[in-house]
Amino acid sequence: MCGLVGIINKNGKKVDGSLLKAMAETLSYRGPDEEGHSIDGVVGFYHKRLSIIDLVTGRQPMKSNGVTVVFNGEIYNYIELRESLKSLGILLRPSRTQRSFLSFTTNTARSLSAG
């Protein structure tokens, strides 16, 4: 049971990293194994991780090709998703569920924007 928090400043001010971290500390019981954050101007995410699957390789937030993703949960059909990505020519290392998610969402977003 991971936890995540986020800030989107509609007023145009840059996200305050100390506020984001303080918000995440209220969820420390939900993710004692690892934490990560990403701030990009007016948008900030902080993730607290409880390791269940991908004990070593599931760091978040994840960034790839200009897309940042943070999410809570496990992808139990990652094998099927990996096969779908493989058919598109995208090769992934075994048991990288979150990398599968990131690649899938990045490629889906690209195909939607192209069409």
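The values are calculated or read from the model by the stated rules, or taken from the named source; none is laboratory data. In this text the structure is predicted, and so the values were computed from the model without any measurement. Note that we place each Cβ from the backbone using ideal geometry, even for glycine, and neighbour counts take in every protein chain shown.
A few comments on the model shown:
- Output for region 64-94, where each listed residue is at pLDDT below 75 and in a strand (DSSP E or B): SER64
- Of residues in region 1-27 being of a type in the set (Lys, Arg) and farther than 15 Å from SER38 by Cβ, the one surrounded by the fewest Cβ atoms within 10 Å (Cβ to Cβ): LYS10
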